[in-house]
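Read the structure below first, then the notes.
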Amino acid sequence: MSVVVTKKVDGSVPKSRWIASLSNGETIFEDHKDGLDPAWERLARYVEQEGVSITKLRAQFESGRRIDLPAGQEGYIQKKKAWFTGSSGGVMLCVGYASKGKCLIHEASNDGDSFSAIQPDPGPPWTIYKKEIRDEMAR
Amino acid sequence: MASTIRWFGGAGSPEIAPAASGGFNTLGFFGSSFGFSIRVGEYQTTTFRTNANGTSNGSQLPNVRYANTSGAFVGAALVAEELLEIENNLATLNIRLNTDNAIKTQNSRFRAFDRVNINNNPSGVFIAAAELRKDNASVRGSGDQFWQQIYGSGSVLALEDQTTANATQHDWYVAVTASPVSIGEKTEIGFYFETEFL
């Protein structure tokens with residue numbers, strides 16, 4: 001069964017989003033499609049199905065700011081962080097890359113708050129590794 | 001993706017409204033009943049939903065009072081129960097995340113702070129918390145066996161990763177107990193929750 005991913009901006013693509021470039025030349029956009037798994041999980045299945053790697057990941061925000069991660073990393077990470085204090089709350093878009101068991105994560109909100117930290121690599125489904133590492137893990 | 005975090009006073013209890021609502025937006029710990037103080041060094045015997053200055057009773061909530069490192073008095077019980085035997089619906093707080101797409105969660109955290117900076121300790125009160133995970137009366141729970149004191153970034157309660165299946169609603173159940181360390185009304189206490197998802 002083919003995996004549904006979004007290759008051009010349409011109504012399912014949020015204004016603040018991650019964008020992944022793949023080694024086959026395709027560009028995949030985060031989407032929100034009812035009834036489907038999160039876009040990052042579908043992207044993980046898609047790169048497996050196609051036998052390709054993410055070569056670059058970036059985040060774009062509605063405000064116009066963007067975060068560009070360096071190309072050709074061992075793995076890329078994406079997640080959202082939701083928080084609430086009772087008086088305020090929000091959601092941060094987090095993107096990062098993994099190398100040798102660690103990852104550098106950038107957390108950012110649309111209004112400009114941002115925070116970066118080195119953390120342990122969380123692994124799948126949060127991290128999507130490049131093909132060579134996935135093949136090694138499968139052996 | 002739209003997401004909403006809401007706090008309820010125990011499962012099935014009314015929502016503790018967002019602070020900006022001006023309504024019953026506060027979790028209040030009291031002595032023997034609403035408005036009664038807790039003696040220094042003792043723990044709350046009642047918990048209420050109340051307004052910001054604690055003067056209006058917005059309904060009684062489940063009370064889980066510290067008994068020992070692994071036990072609590074639930075409601076008006078005179079005999080302590082193990083934390084692992086307290087059912088979710090008796091938790092002080094039910095924290096609920098709703099998202100418009102089904103997700104898994106990880107790295108969920110609950111902390112107490114001074115309502116100014118989430119890294120600061122709450123002021124004038126000892127706060128301990130434990131996650132409850134017992135949704136079947138006949139099966140022993142799988143949550144926290146021991147209370148954990150929580151204070152700012154120094155001690156944060158880690159909650160269960162919910163990664164088994166994608167869902168649009170995730171619930172966490174937390175028992176919270178409070179003990180003043182000095183005389184006087186304590187208002188520099190807030191709670192903070194965070195979670196991660198794809």
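Side notes on the structure shown:
- Selected residue (only one of B:Thr195, B:Thr163, B:Thr187, B:Thr168 is at pLDDT below 95, closer than 18 Å to B:Arg6 by Cα and among the hydroxyl-bearing types (Ser, Thr, Tyr)): B:Thr168
- Matching residues in the stretch B:6-40 - criterion: being part of a loop (DSSP other than H, G, I, E, B) and within 14 Å of another protein chain (Cβ to nearest Cβ): B:Gly9, B:Ala17, B:Pro18, B:Gly22, B:Gly23, B:Phe24, B:Asn25
- Number of the exception - B:Leu93 against (1) over 18 Å from the mean Cα position of the chain (by Cα); (2) surrounded by 19 or more Cβ atoms within 10 Å (Cβ to Cβ): (1)
- Scoring B:His170 on the criteria (1) more than 30 Å from A:Pro124 (Cα to Cα); (2) part of a strand (DSSP E or B) leaves a single failure, condition (1).
- Considering the stretch A:62-139, the qualifying strands (runs of 3 or more DSSP E), each wholly inside and each with 1 or more residues that are surrounded by fewer than 12 Cβ atoms within 10 Å (Cβ to Cβ) and within 13 Å of chain B (Cβ to nearest Cβ), run over A:114-120.
- Positions within the stretch B:178-198 being among the charged types (D, E, K, R) and either surrounded by 23 or more Cβ atoms within 10 Å (Cβ to Cβ) or not in a loop (DSSP other than H, G, I, E, B) (or both), in sequence order: B:Glu194, B:Glu196
- Odd one out for B:Asp144 among (1) under 23 Å from A:Lys81 (Cα atoms); (2) under 16 Å from the mean Cα position of the chain (by Cα): (1)
- Qualifying residue in the stretch B:123-145 (condition: surrounded by fewer than 16 Cβ atoms within 10 Å (Cβ to Cβ), without any contact (Cβ under 8 Å) to a residue 24 or more places away in the chain and under 20 Å from B:Thr45 (Cα atoms)): no
- Condition check for B:Ala77 on (1) among the aliphatic types (A, V, I, L, M); (2) loosely packed, with under 15 Cβ neighbours inside 10 Å; (3) within 24 Å of B:Gly184 (Cβ to Cβ): one failure, at (3).
- Of the residues in the stretch B:9-25, at least one is modelled with pLDDT under 95 and closer than 30 Å to A:Lys33 by Cβ.
- Of the set (1) over 15 Å from the mean Cα position of the chain (by Cα); (2) within 28 Å of B:Gly31 (Cα to Cα), all apply to B:Asn166 but (2).
The values are calculated or read from the model by the stated rules, or taken from the named source; none is laboratory data. The model shown is predicted, which means the values in this text are computed figures rather than measured ones. Ideal geometry is used to build each Cβ from the backbone, glycine not excepted, and the neighbour counts take in all protein chains shown.
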